[in-house]
């Protein structure tokens, strides 16, 4: 799995953020595609709004996420994937959500703020990868192999990357930042 992220204008509209996330995915594929540079890349939206990436006539697994101030995009040529970003320094009261889902996706968790955000981002990433509606994911305990999940701390954000095929080596998950000069770091 290849993941790219960039810090982004917090005041941008939803339409601007959506366009920027798709642009980030296009740049990521052009820069880090495993074979020769692809000739044709397109991104459509499914009926549910999920991105559909096509490279040189072949469908490719992909996922997008954004929070105020950051966007992320990912693709994989081997397995379905999902990514999710959350600002862990949010002022939102996570206690109500935590208490409501303590027998669902938070079952077995210590219910700390850190634990909550690790579970929450995983639930969203899993929902994106599996196509299961998020509310259905939240209602059940999550039993996912840790090898399928990788976390990245991008202050103040937590990025969770989930891939359905856990046979891919953990070090095969690559993370790159696109800076304000459009240079990959």
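Here are the numbers:
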{"item": "Strands (runs of 3 or more DSSP E) (entirely within the range 17-72) containing at least 3 residues that are touching a helix residue (DSSP H, G or I) at 6+ places or on another chain (Cβ under 7 Å) and closer than 18 Å to residue 6 by Cβ", "result": "58-67"}
{"item": "Residues of the range 82-95 satisfying the condition of being in a loop (DSSP other than H, G, I, E, B), within 16 Å of residue 66 (Cβ to Cβ) and at pLDDT 90 or above", "result": "88"}
{"item": "Of the criteria (1) touching a strand residue (DSSP E or B) at 6+ places or on another chain (Cβ under 8 Å); (2) without any contact (Cβ under 8 Å) to a residue 40 or more places away in the chain, which one residue 88 fails", "result": "(2)"}
{"item": "Odd one out for residue 49, checked against (1) closer than 21 Å to residue 178 by Cα; (2) loosely packed, with under 14 Cβ neighbours inside 10 Å", "result": "(1)"}
{"item": "Condition check for residue 18: more than 13 Å from residue 75 (Cβ to Cβ), touching a strand residue (DSSP E or B) at 6+ places or on another chain (Cβ under 9 Å) and surrounded by fewer than 10 Cβ atoms within 10 Å (Cβ to Cβ)", "result": "no"}
{"item": "Strands (runs of 3 or more DSSP E) enclosed by the range 96-177 - at least 3 residues per element that are over 21 Å from residue 34 (Cβ atoms) and modelled with pLDDT of 85 or more", "result": "149-154, 157-163"}
{"item": "Any hit, the range 63-84, residues being without any contact (Cβ under 8 Å) to a residue 24 or more places away in the chain and surrounded by fewer than 18 Cβ atoms within 10 Å (Cβ to Cβ)", "result": "no"}
{"item": "In the range 1-15, the residues that are touching a strand residue (DSSP E or B) at 6+ places or on another chain (Cβ under 7 Å) and surrounded by fewer than 17 Cβ atoms within 10 Å (Cβ to Cβ)", "result": "7"}
{"item": "Meets criteria (in a loop (DSSP other than H, G, I, E, B) and in contact (Cβ under 8 Å) with a residue 12 or more places away in the chain) for residue 181", "result": "no"}
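The values are calculated or read from the model by the stated rules, or taken from the named source; none is laboratory data. The model shown is predicted, which means the values in this text are computed figures rather than measured ones. Every residue, glycine among them, receives a Cβ derived from its backbone with ideal geometry; neighbour counts consider all protein chains shown.
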